[in-house]
1. Picking from B:Ala251, B:Ala203, which residue would you name as being within 14 Å of chain A (Cβ to nearest Cβ) and over 18 Å from the mean Cα position of the chain (by Cα)?
2. Tell me, please, whether a residue that is at the interface with another protein chain (Cβ under 9 Å from one of its Cβ atoms), of a type outside the set (S, T, N, Q) and in contact with a Phe, Trp or Tyr (Cβ under 6 Å, 6 or more places away or on another chain) can be found in segment A:139-147.
3. Exactly one of (1) in contact (Cβ under 8 Å) with a residue 60 or more places away in the chain; (2) facing chain B (nearest Cβ under 7 Å); (3) within 24 Å of A:Tyr279 (Cβ to Cβ); (4) aliphatic (A, V, I, L, M) is unmet by A:Met123. Its number?
4. Collect the residues in segment B:73-116 that are more than 14 Å from chain A (Cβ to nearest Cβ), in contact (Cβ under 8 Å) with a residue 60 or more places away in the chain and surrounded by fewer than 24 Cβ atoms within 10 Å (Cβ to Cβ), keeping them in residue-number order.
5. Taking segment A:150-182 as the search range and keeping residues that are more than 9 Å from chain B (Cβ to nearest Cβ) and hydroxyl-bearing (Ser, Thr, Tyr), which one is nearest to B:Glu155 (Cα to Cα)?
6. Please go through (1) basic (Lys, Arg); (2) out of contact with any strand residue (DSSP E or B) (no Cβ under 9 Å at 6 or more places or on another chain); (3) surrounded by fewer than 18 Cβ atoms within 10 Å (Cβ to Cβ) for B:Lys265 and return the number of the only condition it doesn't satisfy.
7. Identify, from the list A:Gly67, A:Gly82, the residue that is away from every other protein chain (no Cβ under 14 Å) and at pLDDT below 90.
Amino acid sequence: MTIFAVFDIGLVVLILGIAVSTIAARDAFAAVIGFVVYGLLLSIAWVRLAAVDVALTEAAIGGGMTGMLMLGAVARLRFAGGNDISISLPVRFATAVLCALVAAGLAIAVLSPPDAIPTLAPMVMENLAQSGLGNPVAGVLFVYRALDTLLEKVVLILALLGVWSLAPDSVWGGIPGLRVYARRSSTLTFLAQLLPPVGIVVAIYMCWVGAKEPGGAFQGGTVLAAMWLLVMIAGLKRVPSIGQPWLRPLLVVGPVIFLAIGLAGMVLANAFLAYPPGYAKPLIVAVEVALTLSIGVALGLLAAGPLEQAQQQ
Amino acid sequence: MPEANVLPDATTTDGALLVLAIVSPAAGVLLSFVLGGQYAERIAAVLLPSGLFLASIIFVDVWRSGDRLIYIVGDWTPPLGIALRADGLSAAMMMTMAIVICAVAIFALADFGTRAGSAEARAPFAFWILLMAIWGAMNMVFLGGDLFTLYVAIELLTFAAVPLVCLDGRAETLQAALRYLLFALLGSILYLVGTALLYGSYATLDIVLLSRRIHMEPATLVAAALMTIGLFAKTALFPLHLWLPPAHAGAPAAASAVLSAVVVKGSFFIVVRLWFDVMPGMLGPAGAQLFGGLGAAAIVFGSVVALQQQRLKLLIAYSTVAQIGYLFLMFPLALDTVSAELQSSGALTGGMLQAISHATAKAAMFMAAGIIYAVLGHDRIAELGGVARAIPMTIFAFALGGVSLIGLPPSGGFLAKWLLLEAAVATGQWWWAIVMLAGGLFTSGYMFIVLSRAVAPSGEPLKPRVAVPRYQEAAALALALTSLLLGLVAFGPVDILQAGRLESMLVGPR
């Protein structure tokens, strides 16, 4: 027990330290690295709080994907020579005040909890059996609150469209401007050949196990995206142009199948996004598989960034 | 749980229409994205008018029955599941936004139309998809019966609205879009933190359930404050309006119209839901005066800055900052002095009518400004001379929009301000009446500046740089006329705004 207490205190100190150093860092690159480490430490904290689903998501999205996006932004800024943007003192002061206010508010809320903390968890578990799922988080995402999950996937498509819409007209339909480091027989090439088979298996496992245990489409999709990006950055596979005929169907296949199953529920079950009795689990797994693919491609393309070159040939 | 037997929440007849109102835009977005090319425009051409049709059916349903339409998604009743609910406010706002979006779509055919057989182009492809996404997100804002569903809705709205700002790709519009994105994301995150706190305290985010369980405690107050500030940032209420003028003025005309008329009303609507439906008793007199004070500051600041503008689109954008202020005057005016609760009274009707009439009038004015820009090649107010002779219909539409903003009869703005003034007199809060009257005076001022320049004769006859299609002018005029004649709803469906409200539910049908 005490060893865990020591570990927890150490973890908290470490998280706070990394947070401070991230804010204090004057170099964008250093700040991003700090942020990634912060995300990974936070995911350990979530594991300690027994929220493994949150931990996986924090590690994959908060640390991994966001870090990747920000590193890309830093690289672009360096390339464009805009790295030394100084922020004026009043803006810094205002930011500090705002952050302090939010932190104080949260502290008030967290330090004075209600006498009995109400929760929906027992009700979630009680009703989970009829869907055949074992993971309550999957239950919330795909059974009780499927509408939110479905529309969040549309948000992802819109985000990608927003990134694409930044391109000059002349390169529309062209290739995202991912920085490629193609060097023969480098460590990167080696890793890009070694890791993807493992990564793909992990992604499939995460997607599959999500129905029973922590995991699911978003985590699996992130791993897929990471593998795809690794292969593209190493120059083993070319970054596809957004006009490729396979690309957009892959991007929407997840939400489209989700939507179709939801609409079928209006006829075959009692309501929109209700599943016919006995078919809930297979249908949800089908949705998760399609979503994993779509999320993987969408996150990969988001990290690849805006279009930069017109399509060749 | 004691609430279980009080709550007869069940899908009503025609409740499936609510699902359709959210699902069909989503399907349109996905289909357009995958088919690409000219299909985006064609799909929008089919879906947007059917959306208007759908909104009118829901409107008539709610108006006739005087009660809400409800749909239980996935057959899971709240708190486990999500309910979609259409009360009078939702129905009226859905109808308005459907009209505005259809008019904007017609107007946009000139700038974002795609010729059959041409290759896919960036701007039209993005525009039509984003327009459908905004329509779907707004429907979700109006129908969502759950605070987290509303979060998803404003996320959709943000990601649909921000790319519209920089659709023409100039460096300054990119900067404006980025600033908008930062404000909007800050707003989202504050709102989300607030929802998490509320869930932690009450184990539900359903609006009806929450309104029965909520009580004054520190966590709830913090949550309410964070959510409200976040939504204010998205609504561009003074002093969080900094992002609005460059974003709304820099966007292409059709996009400006939809951003100013439609998008800012989304987060405003959630403020109304939050304070009138979830916690009507928590704002209190001090909070209500604060909301009203911010609104008054927005009116004065926005109007004064609008008066100083050299460019027409910026003037209209600052006018939006001012008009948003009016929306917040209804909070102190709707506060019942005895129970210290926000009441669904004449002030609420006035405030919502202000939102509706501003939506139609402002869309018309931004469209008119777009036409003026296309004809002159600039929008410098000092050099507008002769434009009224070249495009009289457009200037007329612009003037009619102004009539509604000023609040002259029989416009919607008149009825809105009338109801708000009435509430100010009834509750003895004369200071809000002064602000409203002063705001009207300011509005007349900047409308006069623009119109007097526009009707002034120019030295030589003005040669339009482009031929403006008739349908563009007609779309602007149609919206301006809608706004002008909106005051006539006083004789008809104005009472829909009270239909199916929570209080009237508890008291029983009137």
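1. Values: B:Ala251 fails: over 18 Å from the mean Cα position of the chain (by Cα).
Testing whether each residue is within 14 Å of chain A (Cβ to nearest Cβ) and over 18 Å from the mean Cα position of the chain (by Cα) leaves just B:Ala203.
2. First, pick out the residues of segment A:139-147 that are at the interface with another protein chain (Cβ under 9 Å from one of its Cβ atoms): A:140, A:143-147.
Then keep just the ones that are of a type outside the set (S, T, N, Q); that gives A:140, A:143-147.
This time we only want the ones that are in contact with a Phe, Trp or Tyr (Cβ under 6 Å, 6 or more places away or on another chain), so: A:144.
Checked against the condition, which is being at the interface with another protein chain (Cβ under 9 Å from one of its Cβ atoms), of a type outside the set (S, T, N, Q) and in contact with a Phe, Trp or Tyr (Cβ under 6 Å, 6 or more places away or on another chain), segment A:139-147 yields at least one hit.
3. Result: A:Met123 passes all but (1).
4. So in segment B:73-116, the residues more than 14 Å from chain A (Cβ to nearest Cβ) come out as B:86-110, B:113, B:115-116.
This time we only want the ones that are in contact (Cβ under 8 Å) with a residue 60 or more places away in the chain, so: B:86-89, B:91-94, B:96-97, B:99-101, B:103-110, B:113, B:115-116.
Of everything in segment B:73-116, those that are more than 14 Å from chain A (Cβ to nearest Cβ), in contact (Cβ under 8 Å) with a residue 60 or more places away in the chain and surrounded by fewer than 24 Cβ atoms within 10 Å (Cβ to Cβ) turn out to be B:Ile99, B:Ile106, B:Leu109, B:Ala110, B:Gly113, B:Arg115, B:Ala116.
5. Among those residues, the one meeting the criterion is A:Ser170.
6. Condition not satisfied by B:Lys265: (3).
7. Values: A:Gly82 fails: away from every other protein chain (no Cβ under 14 Å).
Just a single option satisfies the conditions, and that option is A:Gly67.
Yes or no, residue by residue, for (1) without any contact (Cβ under 8 Å) to a residue 24 or more places away in the chain; (2) in a helix (DSSP H, G or I); (3) surrounded by fewer than 18 Cβ atoms within 10 Å (Cβ to Cβ); (4) hydroxyl-bearing (Ser, Thr, Tyr):
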residue: A:Val20; (1), (2), (3), (4): yes, yes, yes, no
residue: A:Ala50; (1), (2), (3), (4): yes, no, yes, no
residue: A:Thr57; (1), (2), (3), (4): no, yes, no, yes
residue: A:Thr66; (1), (2), (3), (4): no, yes, yes, yes
residue: A:Leu69; (1), (2), (3), (4): no, yes, yes, no
residue: A:Thr95; (1), (2), (3), (4): yes, yes, yes, yes
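The values are calculated or read from the model by the stated rules, or taken from the named source; none is laboratory data. Predicted model only: the values in this text are computed from it and were never measured. Quick reminder, even Gly has a Cβ in these numbers, built from the backbone with ideal geometry, and neighbours come from all protein chains shown.
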